[in-house]
Amino acid sequence: MRHGQSTGNAEGLHQGQKDFALTPTGKSQARALAKRWKKEGVTFDLIVSSPLLRARETAEIIAEALSCPLEFDPDWMERDNGVLSGLRPEDAYEIYPRPDFIHPYQPIGETGESQWELFVRASRAVLNLVRRQPGRYLVVSHGGLLNMAFYAILGITPQANFTGPRFRFGNTGFATLTYQPEQHRWTVFGVNDVSHWKQQEG
């Protein structure tokens, strides 16, 4: 799942690995999801979260509500987007114009992770997850990293200029997947489920 709305989200900033706290809306989104899962009887053996504040706060809200153990793994952090971190998109591309062509190995934001580096890190995060004992795991992460995790899971290679499919996650949107190691079979049951806070808005 992706973290709840952060102050960086609300201000429309490139967040990257810069720390932003949850907004009151973000906390409400996390509580709404925890309430939904509690009502549905959903439990997890472990919650694994990015240590960045917006993900940490989201994970802590859910862990407390569902009485789940929680640990932090830096492999699930958002992309290091270099000099773009903390900037508004319009300011970022005025100061650091986007190249006409971006190959998969090119650092983003001059000093940040390339698409390939992010893919490799997401692949490592997925690998470490499936190496755990069989169980029910909740990962709390970020949009860019989750997109690359789906690339790793589905066997998609990063392409130039960010072409290829995109797996979008709204704030506290979650996907449900299972993995059968004896057949190396992933099954995806849903992506970007945000009905818990959409219902709340309605």
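We did not get these values from a lab; they are worked out from the coordinates using the rules stated. Everything numeric in this text was worked out from a predicted model, so none of it was measured. For neighbour counting, all protein chains shown are included, and Cβ atoms are generated from backbone atoms with ideal geometry for every residue, glycine included.
With viscosity set to 1.567 mPa s at 4 °C, what whole-number translational diffusion coefficient in µm²/s follows for segment 98-199 from Stokes-Einstein and a Kirkwood radius over Cα pairs?
Once the numbers are plugged in, D ends up at 86 µm²/s.
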Mean Cβ count within 10 Å, highest first, over the residues of peptides 8-14, 167-173, 137-143: 137-143, 167-173, 8-14
Stokes-Einstein D in µm²/s, Kirkwood radius over Cα pairs - segment 1-94 at 10 °C with 1.306 mPa s viscosity: 114
At a Cα cut-off below 29 Å, give the lysines reachable from Lys39, other chains included and same-chain residues fewer than 8 away excluded. Lys27, Lys198
Per residue convex hull volume, Cα atoms of segment 77-141, in Å³: 94
For the chain, the Cα gyration tensor yields equivalent-ellipsoid semi-axes (√(5λ), largest first, whole Å) of 27, 22, 14
With the 8 Å Cα cutoff and a minimum separation of six or more residues, the chain has a relative contact order in percent of 26
Net charge, Gly170 excluded, C-beta distance under 10 Å - Lys, Arg +1, Asp, Glu -1: +2
Taking Cα atoms only, helix 115-130 is inclined relative to the longest principal axis of the chain by an angle, in degrees rounded to 10, of 20
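What 222 nm value per residue comes from the helices of the chain, counting each DSSP H run with n ≥ 4 as -39,500 (n - 2.57) and dividing by all residues, nearest 500 deg cm²/dmol?
Numbers: 7 runs with 78 residues, N = 202.
Result for the chain: -11500 deg cm²/dmol, rounded to the nearest 500.
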Antiparallel DSSP beta bridges within the chain, percent to nearest 5: 45
